[in-house]
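Quick notes on the structure that follows.
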Amino acid sequence: MIKRFFILCSGADLNLIENCSNGEQNKFAGIGATVFFTAIMAFIASSYALFTVFDNIYTSVFFGFIWGLLIFNLDRYIVATLRKKDKFSSELIQATPRLILAIIIAVVISKPLELKIFEKEINQVLLTEKNQMTLDNKNQIAERYTPEITKIQSEIANLKAEIDQKEKETNGLYETYIAEAEGRKGTKLKGKGPVYKEKREKHDTSLSELAELKKNNNEKITQKENEIATLTQQQKDNETNTQPIISNFDGLMARVNALNKLPWLPSFFIFLLFLAIETSPIFTKLISSKSEYDYKLENQESEVKLWSHQQIDQREKIIQAEININTKAFDDLENDEELIKHKKKAAKDAIIEQTNNYIPKQQII
């Protein structure tokens, strides 16, 4: 039962192969087993690849099963349509398109399995890339907010500098009128004379201006600090909102690119393995000589071809005979007196009827 199933997978004619030797049947059973297990590997590989895309096991298995059937059908078609020829060069030319298709199938099957085999190494490459992307993302977002924050911080510094400058000016006036009272500077007369009062008034005025300046500037500083806090929060929100995109950067294309950054030799050998599996049935047929099954298949096809040619030739001869008969029949009718008399009578009746219809119309006119 299993042997028959594998022979069916090879695309061989069951009616012909049943009459062949046991060795011939085993050869086609081996080819069919290769086709079947290649389809199984294609199903597993595509299911894993689709799982990285859909992240749903049922969807992945369903479409993976469809892909496995497609690969099975293609492989079976490739093997079944390869015919043995009398010349190896003719066989090679016939097999070339099938070999190209087999190579493409081998690449498609091997790549998802490579992703699974080197999953840990790929995850490490992706982690490094994600960390770098996170830093680049933060720098890009900071470039949008840093100039505005720096500008506001500069304005705050200017407001504080105004207060410091006014404080220094007020402190200087304070020192001046105190020195005047102590007789250390100015008139150098101790006591609170007119000069002292004048300098004291300047200090008091400056102190009032300082208090007003502090009030106004502190309000402005508080407002600008709130603006900085708002911008900083917006910057953090942008970083938080964009981080999931970076965290989810592990799809199929990202993994394939990460795989390409790993050493190429292990992946190349895995590809060679699947290439050998995929092309082995084709090369088996190419290097093997004509077998019992090939002769029987060739005989069956030649019988069908000969029968088809016979049918076509018979139809062509029948059609030609029909043409010749019809031609001869119409040639004989040209000299038939009875047919000529009948035609004359019909023409005469038509002319009389036309004349009878013409006279009443003319009378009406």
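Taken over the range 13-35, the residue count meeting the criterion of being in contact (Cβ under 8 Å) with a residue 40 or more places away in the chain and over 16 Å from Lys285 (Cα atoms) is 4. Somewhere in the range 146-164, is a residue within 41 Å of the chain's Cα centre (by Cα) and of a type outside the set (D, E, K, R)? Checking the range 146-164: at least one residue is within 41 Å of the chain's Cα centre (by Cα) and of a type outside the set (D, E, K, R). Cβ separations smaller than 9 Å between residues 6+ apart or across chains give the following pairs from the range 223-237 residues that are touching a residue at least 40 places away in the same chain (Cβ under 8 Å) to residues that are surrounded by 13 or more Cβ atoms within 10 Å (Cβ to Cβ) and basic (Lys, Arg): Gln235/Lys138. Just checking, does the range 115-125 include any residue being in contact (Cβ under 8 Å) with a residue 60 or more places away in the chain, closer than 30 Å to Glu227 by Cβ, outside the structural domain of Phe283 (by TED's automatic domain parsing) and out of contact with any strand residue (DSSP E or B) (no Cβ under 9 Å at 6 or more places or on another chain)? No; the residues of the range 115-125 include none that is in contact (Cβ under 8 Å) with a residue 60 or more places away in the chain, closer than 30 Å to Glu227 by Cβ, outside the structural domain of Phe283 (by TED's automatic domain parsing) and out of contact with any strand residue (DSSP E or B) (no Cβ under 9 Å at 6 or more places or on another chain). Would you confirm whether any residue within the range 241-248 is touching a residue at least 24 places away in the same chain (Cβ under 8 Å) and either of a type in the set (Gly, Ala, Ser) or not assigned by TED's automatic domain parsing to the domain that holds Pro147 (or both)? Scanning the range 241-248 turns up at least one residue that is touching a residue at least 24 places away in the same chain (Cβ under 8 Å) and either of a type in the set (Gly, Ala, Ser) or not assigned by TED's automatic domain parsing to the domain that holds Pro147 (or both).
For the structure I just gave you, tell me whether Ile149 is under 26 Å from Ala276 (Cα atoms) and at pLDDT below 90. When the stated conditions are applied, Ile149 does not pass them.
One residue alone among Lys220, Lys215, Lys199 is touching a helix residue (DSSP H, G or I) at 6+ places or on another chain (Cβ under 8 Å), modelled with pLDDT of 80 or more and in a helix (DSSP H, G or I), and that residue is Lys220. Looking across the range 66-79, the residues that are without any contact (Cβ under 8 Å) to a residue 40 or more places away in the chain and in contact with a helix residue (DSSP H, G or I) (Cβ under 6 Å, 6 or more places away or on another chain) come down to Trp67, Gly68, Ile71. If you go through the range 80-101 and pick out every residue that is in contact (Cβ under 8 Å) with a residue 24 or more places away in the chain and part of a helix (DSSP H, G or I), you end up with 8.
To keep it simple, each residue is scored yes or no on (1) of a type in the set (Val, Ile, Thr); (2) over 18 Å from Ala276 (Cα atoms); (3) surrounded by 21 or more Cβ atoms within 10 Å (Cβ to Cβ).
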residue: Phe6; (1), (2), (3): no, yes, yes
residue: Cys9; (1), (2), (3): no, yes, yes
residue: Ile31; (1), (2), (3): yes, no, yes
residue: Thr38; (1), (2), (3): yes, no, yes
residue: Tyr58; (1), (2), (3): no, yes, no
residue: Leu74; (1), (2), (3): no, no, no
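Annotation for the range 122-129: no member residue is closer than 30 Å to Ala80 by Cβ, among the hydrophobic types (A, V, I, L, M, F, W, C) and part of a helix (DSSP H, G or I). A count restricted to the range 126-154 and to residues that are touching a residue at least 12 places away in the same chain (Cβ under 8 Å), more than 19 Å from Phe249 (Cβ to Cβ) and among the hydroxyl-bearing types (Ser, Thr, Tyr) stands at 1.
The values are calculated or read from the model by the stated rules, or taken from the named source; none is laboratory data. Everything numeric in this text was worked out from a predicted model, so none of it was measured. Cβ: placed from backbone, ideal geometry, glycine included. Neighbour counts: every protein chain shown.
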